[in-house]
Amino acid sequence: MNSYLLLGTILSPDTPSHLSTYKAMLIRDGHIADVFSTIPSTDIVSSDIPRIDTGTALIIPGFSDIHLHAPQFANLGLGLDEELLPWLETYTFPEESKYKDISYATTMYTAFTKALLTNGITSSVIFASIHTPATLQLMSLLERAGLRAFVGKVNMDRNSPNYYQETTEESIAATTDWLTAARQFKQVRPILTPRFVPSCTPKLMKALARLADAYQVPVQSHLSENRDEIAWVRDLHPECHNYLDIYRHYGLLRGPRQTIMAHCVWCTEEEKQMLVDYEVIVSHAPFSNADLASGIAPIADLQQRGIPIGLCSDISGGHELFMPRTIAMAAMMAKERATLCGGHTLTTMELFYMATHGGGIFPQIGHFAPDYAADFLIIDDSNLCLPNHSYTPFQRLQRFLYNGDPRQITDVYVAGKRCQR
């Protein structure tokens, strides 16, 4: 079915402050051909084109989770009484090292992929492990499921356990092989992934920057998540002005919206200006920042400066994969920061926009307009609609975001095709 007309209550977050409502959407070859505020007559849309009538269902863009660690899926909810660095040593590195076993990786990545579909995450930006075969297997599973993603083979050549670390040469060679093999995929693409500054030598960072140039791929990493981490980074790199300057110094700040930095909890004024200058996408992880006692990121401030921002689960630093709960948590964290430090809060519309547009790393997703990708969720919110009470479409959306759960997502579509869940 290359073309069809979709009917329902269609909500499009066109900007961080404006939500459009439509009654019908024409899908053609995986993209949106047109949207209609009333159901079009057969004079406008031929009766030969099939119609999918969802009745009163809500139809919204698929969610975009732009920072999560797939090999930590089994650790969801574990060790969250620790801070970042001891949590990595005690829980994270031991679990990620298991992905050397391709059988284990296949089992866990299959469950992870199913969880993305269950939670309506149609596009994601993912850290894998250091293992090339397992990373390619993850990419294959995501592609077969019909999902959109950037996936990164993780790079680590220092300050990591001996059982979970590569030499610089091994890391560069394996990453080159992985980038070449990743060309086979269409909707799932590679992203270079130095884990964070403490785990990557200058030699490795320089080499990854050369690979980014050669293969024209974006970069993802972590920035200013935890105060102990920042102090460690300062000791490792006295030659640089600040944490973000290290990525710049070694060539890992790419072009506009081609670098994603997760967290950015403790960025200095100088770093914030660099985020603006390089159009770095910030990935906001409210659950993770609270779970690991990292702090409250100044997201409203970053947004006011025009920095592109997406939301993320950051599993398993964060314990929640359902993006509406992340939206609610981000709203509460912004209110707490405004109360404690002054500044702005974040509206539901602003956060819904962040949760669907992914900061712009995926072109042509996040709202419904001609030539945009037909990535959407169909939601049965009937159990949230109380008898004898009428809700506007935006009120229905708010109730789903704050009171809903994944079971209300009845169907997931990517590129116009229904994904098997």
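A few remarks follow.
- In region 117-130, the residues that are without any contact (Cβ under 8 Å) to a residue 40 or more places away in the chain and under 14 Å from L321 (Cβ atoms) form no Cβ pair under 9 Å with any partner that is of a type outside the set (G, A, S) and open to solvent by 10 Å² or more (accessible area, probe 1.4 Å), whether six or more places apart or across chains.
- Complete set of residues in region 235-248 that are without any contact (Cβ under 8 Å) to a residue 12 or more places away in the chain and outside any loop (DSSP other than H, G, I, E, B): D235
- Candidates are the residues of region 205-234 that are of a type in the set (A, V, I, L, M) and not in a helix (DSSP H, G or I); the one that is nearest to the chain's Cα centre (by Cα) is V219.
- Within region 380-421, considering residues that are assigned to a strand (DSSP E or B) and of a type outside the set (A, V, I, L, M), the one nearest to the chain's Cα centre (by Cα): Y413
- Unique match (being in contact with a strand residue (DSSP E or B) (Cβ under 6 Å, 6 or more places away or on another chain) and in the same structural domain as T259 (by TED's automatic domain parsing)) among S103, S123: S123
- Single condition L80 does not satisfy, out of (1) without any contact (Cβ under 8 Å) to a residue 40 or more places away in the chain; (2) part of a loop (DSSP other than H, G, I, E, B); (3) in contact with a His (Cβ under 9 Å, 6 or more places away or on another chain): (1)
- Odd one out for L252 among (1) among the aliphatic types (A, V, I, L, M); (2) open to solvent by 10 Å² or more (accessible area, probe 1.4 Å); (3) assigned to a loop (DSSP other than H, G, I, E, B): (2)
- Identity of the residue in region 82-100, closer than 16 Å to D314 by Cα and charged (D, E, K, R), that ends up nearest to the chain's Cα centre (by Cα): E96
- Here I315 clears all of (1) closer than 22 Å to R254 by Cβ; (2) part of a loop (DSSP other than H, G, I, E, B) except the condition numbered (1).
- Subset of region 257-287 [under 19 Å from A331 (Cα atoms), without any contact (Cβ under 8 Å) to a residue 60 or more places away in the chain and not in a strand (DSSP E or B)]: C264, V265, W266, P286, F287
- Residues (surrounded by fewer than 17 Cβ atoms within 10 Å (Cβ to Cβ) and charged (D, E, K, R)) located in region 255-270: E269, E270
- Scoring D43 on the criteria (1) surrounded by 22 or more Cβ atoms within 10 Å (Cβ to Cβ); (2) not in a helix (DSSP H, G or I) leaves a single failure, condition (1).
- The one condition in (1) surrounded by 21 or more Cβ atoms within 10 Å (Cβ to Cβ); (2) over 14 Å from I102 (Cα atoms); (3) among the aliphatic types (A, V, I, L, M) that A115 fails to fulfil: (1)
- Residue among T347, T326, T339, T356 that alone is touching a residue at least 12 places away in the same chain (Cβ under 8 Å), of a type in the set (S, T, Y) and either open to solvent by 10 Å² or more (accessible area, probe 1.4 Å) or at positive phi (or both): T347
- Which listed residue, of D301, D314, is at pLDDT 95 or above, acidic (D, E) and more than 25 Å from I126 (Cβ to Cβ): D301
- Residue in region 129-176 that is most open to solvent (accessible area, probe 1.4 Å), counting only those that are more than 24 Å from M261 (Cβ to Cβ) and more than 25 Å from the chain's Cα centre (by Cα): N162
- Restricting attention to region 205-231, the residues that are open to solvent by 10 Å² or more (accessible area, probe 1.4 Å), in contact (Cβ under 8 Å) with a residue 60 or more places away in the chain and in contact with a helix residue (DSSP H, G or I) (Cβ under 7 Å, 6 or more places away or on another chain) total 1.
- Test: residue in region 55-66 that is touching a residue at least 24 places away in the same chain (Cβ under 8 Å), open to solvent by 70 Å² or more (accessible area, probe 1.4 Å) and more than 28 Å from P363 (Cβ to Cβ): yes
- Taken over region 293-313, the residue count meeting the criterion of being farther than 21 Å from A115 by Cβ and either hydrophobic (A, V, I, L, M, F, W, C) or in contact with a Pro (Cβ under 6 Å, 6 or more places away or on another chain) (or both) is 8.
Each row is one residue, and each column tells you yes or no for (1) touching a strand residue (DSSP E or B) at 6+ places or on another chain (Cβ under 6 Å); (2) basic (K, R); (3) within 30 Å of L311 (Cα to Cα).
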{"position": "Y4", "(1), (2), (3)": "yes, no, no"}
{"position": "L7", "(1), (2), (3)": "yes, no, yes"}
{"position": "S12", "(1), (2), (3)": "yes, no, yes"}
{"position": "P16", "(1), (2), (3)": "no, no, yes"}
{"position": "A24", "(1), (2), (3)": "yes, no, yes"}
{"position": "F36", "(1), (2), (3)": "yes, no, yes"}
{"position": "I39", "(1), (2), (3)": "yes, no, no"}
{"position": "V45", "(1), (2), (3)": "yes, no, no"}
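The values are calculated or read from the model by the stated rules, or taken from the named source; none is laboratory data. Please read all numbers here as calculations on a predicted model, not as lab measurements. Virtual Cβ from ideal backbone geometry, glycine too; neighbours counted across all protein chains shown. Remember, those area values only see protein heavy atoms, side chains included, never the ligands or the DNA or RNA. Shrake-Rupley method; radii C 1.70, N 1.55, O 1.52, S 1.80 Å.
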